[in-house]
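What follows is a set of notes on a single structure, which appears directly below.
The values are calculated or read from the model by the stated rules, or taken from the named source; none is laboratory data. Predicted model, so just to flag it, every value in this text is computed and none were measured. Methodologically, a virtual Cβ is constructed for each residue, glycine included, from the backbone with ideal geometry; neighbour enumeration extends over all protein chains shown. Accessible surface areas use protein heavy atoms only, side chains included; no ligands, DNA or RNA. Shrake-Rupley method; radii C 1.70, N 1.55, O 1.52, S 1.80 Å.
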Amino acid sequence: MGSALSRSEQVAYVAETVTRSVKLLVAGNFGVGKTTFVGSVSEIKPLRTEETITEASVGVDDLAGLDGKTQTTVAMDFGRITVSASLALYLFGTPGQRRFLPMWDDLAKGALGALVLVDTRRLDHADEVLAVLEERGVPFAVAVNEFDGAARYPLEEIREALDLDPATPLTSVDARDRATCVAALITLVEFLFHRLESRP
Amino acid sequence: MSGPRRDPDLVRAYVRTGGRSRATRDLDLVTLVVAAKNPPKSNVTPQTMPPDARRVMGLCGRHGALSVAEIAAYLDLPPSVVKIVVSDLMDGGHADSPAPAETVPELSMLEEVLHGLRALAV
Ligand SMILES: Nc1nc2c(ncn2[C@@H]2O[C@H](COP(=O)(O)OP(=O)(O)OP(=O)(O)O)[C@@H](O)[C@H]2O)c(=O)[nH]1
Ligand SMILES: [Mg+2]
């Protein structure tokens, strides 16, 4: 087993003044730009962890006597932004599929909210992510990741296609472009703030 | 060998952590961890700890705080295992959170995040 310190030169510790931490999720389907987004806004080189989960694979493995369960490795990548002298914000790129639910529970607990990335070429794929967030009670905003060559639609059409609540913020981003990603995060957190502020 | 099939996740974590399958504390992926300033005077030192605990102490030992998720990433361990190891280290007085946890209301927290993000946007 290698020494824990062998890579310590590259370890980006949080600033000494930081004593608190919060998390936001960057959720979305395969290939929608989660990793790119996290990399665009993170102050550290994005990190990656893997967890082995037991996923329920409905009907597939029944004959093999595996009780319909299989082991899968789920990767999540994350980054960090020190938002004040004492507070670190972590952003977790989160695969949205329902079959990753065991990991979702861990991620969603205590999360301030989520930014859901969608791809206009596969809008229907967003349904599952949105449903999971709603079930978990995680408040969210939606950002359309505008891929080159993908047709552009008015946001109102996308809102309708996704059947979003009128209050849910909807913006567009280029996940490679830091400024648009920061703007989308600001939109999300403004929404979270006002939502909480106006709660009776 | 007979009886109900065990959850392999739990078995693996159990083996890795010397008999623990659940963390004793409710740690989050973003819980910050540092080495305790005043570790107990006992014969348990990082040198005599189980390998994973030793590695966590080596990483957090002298340099500053990291979140549970960051520890997992740097040590290439599943976050579930890091939670168990860190819980044990905290129970034993070897690891700590960076400061006595002050509770800040969520609204102020969101405002703080918003300020920080707006500062990035300029
Ligand atoms: N043109 C364009 N390409 C993008 C954009 N965002 C991501 N890409 C590319 O799309 C591909 C997938 O992006 P990732 O960031 O890996 O997506 P992901 O959601 O993390 O994917 P998985 O982790 O596999 O689910 C990569 O090749 C990116 O370079 C974008 O805004 N515009
Ligand atoms: Mg990815």
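Can you pull out the residues in the stretch A:151-168 that are open to solvent by 60 Å² or more (accessible area, probe 1.4 Å), part of a loop (DSSP other than H, G, I, E, B) and not charged (D, E, K, R)?
A:Y153, A:P154, A:P166, A:A167
Which count do you get for residues in the stretch A:106-128 that are farther than 27 Å from A:E156 by Cβ and open to solvent by 70 Å² or more (accessible area, probe 1.4 Å)?
Of the residues in that region, 1 qualify.
Here is a yes/no grid of residues against (1) touching an Asp or Glu at 6+ places or on another chain (Cβ under 8 Å); (2) among the acidic types (D, E); (3) within 16 Å of ligand 1 (Cβ to nearest atom):
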site	(1), (2), (3)
A:A108	no, no, no
A:E128	no, yes, yes
A:A143	no, no, yes
A:D165	no, yes, no
A:T168	no, no, no
A:L185	no, no, yes
A:R199	no, no, no
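Consider the stretch A:91-116. How many of its residues are more than 16 Å from ligand 2 (Cβ to nearest atom) and within 25 Å of B:E106 (Cα to Cα)?
Of the residues in the stretch A:91-116, 8 are more than 16 Å from ligand 2 (Cβ to nearest atom) and within 25 Å of B:E106 (Cα to Cα).
Can you tell me which residue is most open to solvent (accessible area, probe 1.4 Å) among those in the stretch A:72-104 that are more than 13 Å from ligand 1 (Cβ to nearest atom), more than 8 Å from chain B (Cβ to nearest Cβ) and part of a loop (DSSP other than H, G, I, E, B)?
Of everything passing the filter in the stretch A:72-104, A:A85 is most open to solvent (accessible area, probe 1.4 Å).
Does any residue in the stretch A:162-181 that is over 11 Å from A:N145 (Cα atoms) come within less than 8 Å, Cβ to Cβ, of a residue that is of a type in the set (S, T, N, Q) six or more places away or on a different chain, and which pairs are these?
Pairs found: A:P169/A:T187; A:R178/A:S40.
Identify, by number, the condition in (1) within 13 Å of another protein chain (Cβ to nearest Cβ); (2) more than 12 Å from the chain's Cα centre (by Cα); (3) not in a helix (DSSP H, G or I) that B:D26 doesn't meet.
(2)
When the residues of the stretch A:36-49 are filtered to those that are out of contact with any Cys (no Cβ under 6 Å at 6 or more places or on another chain) and either in a loop (DSSP other than H, G, I, E, B) or over 19 Å from A:Q10 (Cβ atoms) (or both), which remaining residue is farthest from ligand 2 (Cβ to nearest atom)?
A:E43
Can you tell which of A:T187, A:T171 is hydroxyl-bearing (S, T, Y), farther than 24 Å from A:M103 by Cα, assigned to a helix (DSSP H, G or I) and within 14 Å of chain B (Cβ to nearest Cβ)?
The unique qualifying residue is A:T187.
Evaluate the stretch A:52-71: report whether one residue or more is within 16 Å of ligand 1 (Cβ to nearest atom) and either modelled with pLDDT of 75 or more or outside any strand (DSSP E or B) (or both).
yes
Are any residues in the stretch B:80-110 surrounded by 14 or more Cβ atoms within 10 Å (Cβ to Cβ), under 14 Å from B:V34 (Cβ atoms) and either polar (S, T, N, Q) or out of contact with any Pro (no Cβ under 6 Å at 6 or more places or on another chain) (or both), and if so, which ones?
B:V86, B:L89, B:M90, B:A95, B:D96, B:S97, B:P98, B:A99
All but one of (1) of a type outside the set (D, E); (2) open to solvent by less than 50 Å² (accessible area, probe 1.4 Å); (3) out of contact with any Cys (no Cβ under 7 Å at 6 or more places or on another chain) hold for A:A179; which doesn't?
(2)
Could you check, for the stretch B:47-58, whether at least one of its residues is facing chain A (nearest Cβ under 7 Å), at pLDDT 85 or above and under 28 Å from A:E43 (Cβ atoms)?
yes
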